[in-house]
1. Counting pairs of Cα atoms in the range A:234-348, how many percent are more than 21 Å apart?
2. For chain A, find the longest principal axis of its Cα atoms and tell me its angle to the long axis of helix A:62-75, 0 to 90°, nearest 10.
3. If we count every other residue with Cβ under 11 angstrom of residue A:186's Cβ, Lys/Arg +1 and Asp/Glu -1, where does the sum land?
4. As a quick test, which of the pairs A:421/A:590; A:242/A:498; A:227/A:261; A:109/A:171; A:421/A:498; A:311/A:392 have an alpha carbon distance above 23 angstrom in this structure?
5. If the only charges are +1 at each Lys and Arg Cβ and -1 at each Asp and Glu Cβ, what is the size of the charge dipole of the range A:504-629 around the Cα centre, to the nearest 20 debye?
6. Measure nothing fancy, just the Cα-based angle from helix A:198-210's long axis to the longest principal axis of chain A, in degrees from 0 to 90, nearest 10.
7. Once phi is turned into θ = phi - 60°, what whole-Hz ³J(HN,Hα) does the Karplus curve with 6.51, -1.76 and 1.60 give for every residue of the range A:586-599, x standing for Gly and Pro?
8. Helix-only mean residue ellipticity at 222 nm, chain A, DSSP H runs n ≥ 4 weighted -39,500 (n - 2.57), per residue, nearest 500. What is it?
Amino acid sequence: MKPFFLLRATRTPHPSVLSSVSSLSSDSSSSLILQTKHLLRKSQDRLHVLSLIDSGSLQPRLDLYSDLIKQCTNLKKLREGMAVHQHFLSSRFNPDIFLLNSVVNMYCKCGSLEDARKVFDEMPERDVVTWTALMTGYAQNEQPLDALRLFPMMLGLGVPPNQFTFATLFKAAGAANGYEIGEQVHAVCVKFGCDLDVYVGSSLLDMYARQERMLEACLVFDRLESKNEVSWNALIAGYARKVDGENAMMKFREMQRSGFKATHFTYSSLFSACAGTGALEQGKWVHAHMVKSGQKLIAFIGNTLLDMYAKAGSIQDARKVFDRLDKRDVVSWNSMLKACAHHGLGKETISLFEEMRSFGIQPNHITFVCVLSACSHAGLLAEGQHYLKMMKLYKLEPEVEHYVTVVDLLGRAGLLEQAQKFIDEMPIEPNAAVWGALLGACRMHKNVELGKFAAERVFQLDPHDSGPPVLLSNIYASTGRWTEAAGVRKMMKESGVKKEPACSWVEVENSVHMFVANDDSHPQIEEILKFWEEINVKIKEVGYVPDKNHVLLFVDEEEREARLQYHCEKIALAFALLNMPPGATIRIMKNIRVCGDCHSAIKLVSKVMEREIIVRDKNRFHHFSKGSCSCGDYW
DNA sequence: GTAGGGTTAG
């Protein structure tokens, strides 16, 4: 066996080497050298290895440099990597493509793309590995466009790409929203016969899934030569992102049938799908499946599980998960804070946040968004201002999101002028969301003039959002200015801004039933409407007066009252009352904010029907019980 | 020597 380098007895090697060498039982010299080589390679002190070379104690071979570079790559030691690179340049060795490829990769993995690019540019020759390593570097360091730009250059120079190249390119295309480029690369990929590879396929189907093109994603998936956990997970994650719980669950069952075991990626996708639709029963089922499969509750899954319970309306279960997590990271804390805020538990959010601080956990920007929005939902004005100031303490500069919550906080409290002054004095440029918060407050407090002013700002900054014109029209309508309300509606129609249709849904016996406004396609609709009539009589007996201000169309009085009956949250509620066992808590989800009239009606329903009713709207949860709501009518 | 999938705010 040929020794790789020699340890000269006349020089003093590193003490750890000496002590290890002296403890070796074998006295065969080649074995000694091999053992020493192994030791040095495993040594945590790469700089010392370089100094041993400098002092003449070691005679390096090319693969010693190669090993050292690899170590620096894996450990992400940029400074040491640079030293090894420099040392190699001053050595007797010629530039070697294998080693330089490793150097490019080392700089990429250590996040120094400039250095990687410099080595790349100066290389006398480059192969597919060189190109792919740099592309991957860009793709993994949030420069996906730079990764994509390399591809035509590479093809132009006649370097044929391989499956590694395509896997990276599709990832980059997905991250850069570069879907047109992605599709072109897909064509090239087919030409090179790489599209059936499972790595390429997972990345490619993920790219299609990210633009909600599940049909294409499935086509890619079905064509794969062989599937693995990653390709299944990419598919399930695609459905989960689309909040298509039904298909996510279906693919999950297929995955099981095909003999693949769910991983923590699978579970977290499924939990986030259930969180999106608020499907508590399905979420619980997946949770049970996970426990049975022996998958541990690591932080990553725990956070999505916690989030699922919170978003599906069970803050108690969310808290249980939080308490059971053995390692809580900042995301766990943020999720729990957000859960409390979302459920209107302002005081609890604050005490949880103080607990987090007392544990010495460093809050981040999102932490403060959670805390501030809790203050806003609970009307805790002084606390909100206090926590905004506290950000400085943690060296966090408030971002526009934080200013939005403060405007919201002031606005909800009715301090509209103060809110406007706050916007004027903001150190950063207010965006549409900031003005939108003021507009929302004007809607709440029926301030037409300021509302108009705020609305104009929003229209300028975000002309495509249907929310603000609807809000403005509602301000006019709720103050009886029907002509102006109709004017805004007309303007919307002409400019092509479409209002998102209101819809509500409810989970009954493991399936989700959705009710879209003015859609009577549900098979039980006749029965539901008849049942709502009965409820309506009952709640009128205990004082329900339909609030016609919430029907914001220019129609006559009678029709206005009739239209109120058809708000989708009422339909969903009637459906749930008809189909759920007595006493079971009803959980209704709505895609937009719950309307004031429905809010009053549901409060009374909770009383006359003796039911716990939980409604999740776009902003928060409402827990209705015994005739009142947890939001204290402040939302 | 080069590759793919997951969470938190609004």
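The values are calculated or read from the model by the stated rules, or taken from the named source; none is laboratory data. Since we're looking at a predicted model, the values are computed, not measured. Here Cβ is always computed from backbone atoms with ideal geometry, including for glycine, and neighbour counts include all displayed protein chains. Heads up: the accessible areas ignore ligands, DNA and RNA and are worked out on the full protein's heavy atoms, side chains in. Shrake-Rupley method; radii C 1.70, N 1.55, O 1.52, S 1.80 Å.
1. Values: 2084 of 6555 pairs.
Counting every Cα pair in the range A:234-348, those more than 21 Å apart make up 32 percent.
2. 20 degrees
3. Details: positive: A:191; negative: A:180, A:183, A:195, A:216.
Overall, the nearby charge balance is -3.
4. Working: A:421/A:590 33 Å; A:242/A:498 20 Å; A:227/A:261 12 Å; A:109/A:171 16 Å; A:421/A:498 32 Å; A:311/A:392 30 Å.
Beyond 23 Å between Cα atoms: A:421/A:590; A:421/A:498; A:311/A:392.
5. Details: 17 positive and 20 negative charges, 142 e Å.
Approximately 680 debye in magnitude.
6. 30 degrees
7. Ordered by residue, 3J(HN,Hα) equals 9, 10, 10, 10, 9, 7, 10, 5, 5, 7, x, 5, 4, 4 Hz.
8. Numbers: 33 runs with 407 residues, N = 635.
Counting only the DSSP helices, I get -20000 deg cm²/dmol.
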